[in-house]
C-alpha cells in the first residue's frame, strides 16, 4: 500500500542578511493512511518549519514531499493545519469561524452549512453556534478550531502544538478529546509537541528530532495493544513509562 | 450577576461611587459658572477692558444678534460641511493608501521617509502655496484640512496593519486563502477598532485644518469670523466663534464616539 505521506530527504534553510541558518537537514519519513505521528525535539529544532513545508506554505530547498504518491504542490489535496493558538476571529460567530475555510475556498453552500451544523453539534458546540469566541472556554475554542480545520475535509492534519496554550488540566482533557475525534475520523495526523507524554499518549509513532539543524534522531513505534485506547488511559498503562524513558534517552544522548 | 440582593457593603460602595460622581458633576459646573461670573464681574467693574477682553454678556448679545439675522447658522454650516467633506476624504484615502502600503513592501519602504517628513511638516506652512495654486476658495480649505490629517492617518493605519498577528495570516494561507483573503477576512475586520479610534483623531485634525484654511482663504465660516473679528477689533465676535468652535468639535467627537459604540463587537 502506498503511504499517505512520504517525505524524501528534505532540507530547508532560512536566509537573513546576517547569514544562512540550516533549519532542517535530510529529513525522510512516511506516514500510512490513518496513522498518527508525533514529532518531538528540543525547541528551535525546526519542528514548525517541517509542518510549514508539509502544508506547502514553504517550499523545501532539497528533497520532495509526496502525498498519495504525488508531489505536494501538484497533489491539490486539502491539508488541515491547527496552530498553537486557536485564532478564532472575535468579529465572527463560532459558526462564522467554522466556515472560514469553506468561505475562502468558495465551497460554502446549503449542504456544507448543514454538515457544519452537525459537526458543531457532535462536538458539543451546538448551542454556541451564534456565540462569540470570547464566550467559550479554552477547550471549547480549540474544538471550534478543529471543526474549522475539519470542515474542509482535509486528507492530512497537521497539528502545531495545538494544546500548548492551554493550562495543564484543560490540556490533558482537550488532548484526549481532540485526538479521539481525529482517530474516530481516521485521518492521517502529524502532531508537533515538546511534551513527551503528550506525544506518547496519542501517537502511533514518535519521531525524535535533533537540535538545529533538525535531523531525524530516531523513530520510536508506540503500541499499547489496541487502536481505541484513549490518551488518558494510555498514560496509566505500564508501557507508558517504558516508552517515555526510551524517547527521553533518544532526546538526551547527543552524538 | 448571580446575587439578587446586594450586600450592605456593596450598597455602601455603590452609594459612595454615586456620591463621588455627583460631586464631580457639581464641581465641573461650578467651575464654569465661577469663571464666567468672574470674567463678567471684572468686565463690569472695569478691572479689564471689555472692548479687548469682551465679556460673557457681550458674547451672548453678539450671538443673539447673529441668530436673529441668521448669519451664524450659515457660518457654522460652512465650517461643519468643510470639516465633514475633508474628514470623509481623509478617511477613505487614508485607508486606501494604508492598504496599498501594506500590500507592497517595496512601495511602503520607498514612501516611508516622505510620509514621515510630510507628517511632521507644519501644515500651516503649506496654506499660502495652496492659495496661490488653488485660489481663494473652498478647494484650498479642504486641501489644507486633508493635508493636516491624512499623513498621520496613513501612518497610524499602516503601523496597525503591520502589527496583525502573523499566525492569523498563516491561518488564512493554510486554509487555502490568498493575500486578498488576508485583507478582507483578517486585516480589515480586525482593524475596525483601530480605524474608528483613528477617525476620532482625524475629525479633530480636519477641524484644525479647516480653520487654518478659513483664516487665509474664506469669506464665510467660523475661522473667517475669528480673523475678521480680530481685524475689525470686534472681540465679541472672536470669542463667540471660539466658543462655538469648542461646542462644534465636542459634538463631532461625540458623534464618532456614538458610532464606535454601535459598531463595537
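The set of residues from region B:153-168 being touching a helix residue (DSSP H, G or I) at 6+ places or on another chain (Cβ under 7 Å), more than 10 Å from every other protein chain (Cβ to nearest Cβ) and part of a helix (DSSP H, G or I) comprises B:153, B:154, B:155, B:156, B:157, B:158, B:160, B:161, B:162.
When only residues in region B:173-184 that are within 7 Å of chain A (Cβ to nearest Cβ) and in a helix (DSSP H, G or I) count, which is farthest from residue B:102 (Cα to Cα)? Checking each candidate, the answer is B:174.
Could you list all residues from region A:46-71 that are closer than 22 Å to residue A:203 by Cβ and without any contact (Cβ under 8 Å) to a residue 40 or more places away in the chain? Lay out the reasoning, then the answer.
The initial filter retains those residues of region A:46-71 that are closer than 22 Å to residue A:203 by Cβ, namely A:46-55, A:65-68.
If the condition is that a residue be closer than 22 Å to residue A:203 by Cβ and without any contact (Cβ under 8 Å) to a residue 40 or more places away in the chain, then A:52 is the only one that fits.
Evaluating residue A:101 against the criteria (1) surrounded by fewer than 21 Cβ atoms within 10 Å (Cβ to Cβ); (2) within 30 Å of residue A:30 (Cβ to Cβ); (3) out of contact with any strand residue (DSSP E or B) (no Cβ under 7 Å at 6 or more places or on another chain) leaves one unmet condition, (1). Checking A:179, A:211, A:241, A:223 one by one, the residue that is over 15 Å from the mean Cα position of the chain (by Cα) and in contact (Cβ under 8 Å) with a residue 40 or more places away in the chain is A:211 and no other.
Considering every residue within region A:153-167, establish whether at least one is in contact with a strand residue (DSSP E or B) (Cβ under 7 Å, 6 or more places away or on another chain) and on the phi > 0 side of the Ramachandran plot. Within region A:153-167, one or more residues are in contact with a strand residue (DSSP E or B) (Cβ under 7 Å, 6 or more places away or on another chain) and on the phi > 0 side of the Ramachandran plot. The conditions of being surrounded by 14 or more Cβ atoms within 10 Å (Cβ to Cβ) and without any contact (Cβ under 8 Å) to a residue 12 or more places away in the chain are not met by residue B:115.
Does residue A:192 satisfy being touching a residue at least 40 places away in the same chain (Cβ under 8 Å) and over 18 Å from residue A:83 (Cβ atoms)? Explain how you work it out, then say what you get.
Details: touching a residue at least 40 places away in the same chain (Cβ under 8 Å): yes; over 18 Å from residue A:83 (Cβ atoms): no.
When the stated conditions are applied, residue A:192 does not pass them.
A single entry from A:150, A:83 fulfils the requirement of being within 11 Å of chain B (Cβ to nearest Cβ) and touching a residue at least 24 places away in the same chain (Cβ under 8 Å): A:83. Residue A:155 meets each of the listed conditions (1) in contact with a helix residue (DSSP H, G or I) (Cβ under 6 Å, 6 or more places away or on another chain); (2) surrounded by 15 or more Cβ atoms within 10 Å (Cβ to Cβ) apart from (1). Only residues that are surrounded by 19 or more Cβ atoms within 10 Å (Cβ to Cβ) and either at pLDDT below 80 or closer than 21 Å to residue A:4 by Cβ (or both): list them for region A:184-203, please. Once the filter is applied, which keeps residues that are surrounded by 19 or more Cβ atoms within 10 Å (Cβ to Cβ) and either at pLDDT below 80 or closer than 21 Å to residue A:4 by Cβ (or both), region A:184-203 yields A:187, A:188, A:189, A:190, A:191, A:192, A:193, A:199, A:202, A:203. Within region A:65-80, the set of residues being within 10 Å of another protein chain (Cβ to nearest Cβ) and touching a helix residue (DSSP H, G or I) at 6+ places or on another chain (Cβ under 7 Å) comprises A:79, A:80. When A:130, A:105, A:118 are checked against the criterion of being within 12 Å of chain B (Cβ to nearest Cβ) and without any contact (Cβ under 8 Å) to a residue 60 or more places away in the chain, a single residue qualifies: A:105. Scan region B:246-265 for residues that are within 11 Å of the chain's Cα centre (by Cα) and more than 20 Å from residue B:195 (Cβ to Cβ) and the total you get is 5. Screening the candidates B:214, B:260 for the property of being touching a helix residue (DSSP H, G or I) at 6+ places or on another chain (Cβ under 9 Å), part of a helix (DSSP H, G or I), within 24 Å of residue B:123 (Cβ to Cβ) and in contact (Cβ under 8 Å) with a residue 24 or more places away in the chain yields one hit, B:214. Selection of region A:89-98 for residues being surrounded by fewer than 21 Cβ atoms within 10 Å (Cβ to Cβ) and under 21 Å from the mean Cα position of the chain (by Cα) yields only A:89.
So which of A:37, A:24, A:66, A:50 is surrounded by 17 or more Cβ atoms within 10 Å (Cβ to Cβ) and in a helix (DSSP H, G or I)?
On the way: A:37 fails: in a helix (DSSP H, G or I); A:24 fails: in a helix (DSSP H, G or I); A:66 fails: in a helix (DSSP H, G or I).
Going through A:37, A:24, A:66, A:50 in turn, just one is surrounded by 17 or more Cβ atoms within 10 Å (Cβ to Cβ) and in a helix (DSSP H, G or I): A:50.
Taken across region A:51-59, residues that are closer than 24 Å to residue A:123 by Cβ and within 14 Å of chain B (Cβ to nearest Cβ) do occur, with at least one present.
May I ask you to verify whether residue B:92 is without any contact (Cβ under 8 Å) to a residue 24 or more places away in the chain, under 30 Å from residue B:224 (Cβ atoms) and within 29 Å of the chain's Cα centre (by Cα)? So residue B:92 passes the test. Against the conditions (1) part of a loop (DSSP other than H, G, I, E, B); (2) in contact (Cβ under 8 Å) with a residue 24 or more places away in the chain; (3) within 13 Å of another protein chain (Cβ to nearest Cβ), residue A:43 satisfies every one except (3).
The values are calculated or read from the model by the stated rules, or taken from the named source; none is laboratory data. Here the structure is a predicted model, which means the values were calculated and not measured. Reconstructed Cβ throughout: ideal geometry from the backbone, glycine too, with neighbour counts over all protein chains shown.
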